[in-house]
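Structure record follows, encoded as structure tokens.
What follows draws every value from the coordinates through simple rules; no lab data is involved. Note that the coordinates shown come from a computational prediction; the quantities given were computed from them, not determined experimentally. Cβ coordinates were reconstructed from backbone atoms using ideal geometry, including for glycine residues, and neighbour counts include every protein chain displayed.
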């Protein structure tokens, strides 16, 4: 599997999760604190998959063999980049109070992640 194929597969997973969350909002399946927290977890996972898709794509475009890939990874600071985003995502999730339940905030965050996924999708298609 090429880097582009892998990136497209990661993005496909992110889109699937996002579509399921949008469907859950439409059908009012996210209706209590428990489902809300689980939905936020899924949203963060979708975001992580899209970040991974983008970084995989960028890394693969810069390097053709393993040695070049290691240099490009170091050059791009990709390990730090992924770790930073995972720390941010973890902190966001942990900061959601147990009794927090504001659908409009969730919808706004979902739209932000959707915009990011659309940008990554356009980049992969170029």
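In this label model, residue 20 and residue 2 are separated by 2.9 nm, measuring between points 7 Å along each Cα→Cβ vector. The simple spin-label model puts a point 7 Å past each Cα toward its Cβ; for residue 105 and residue 122 those points are separated by 2.9 nm.
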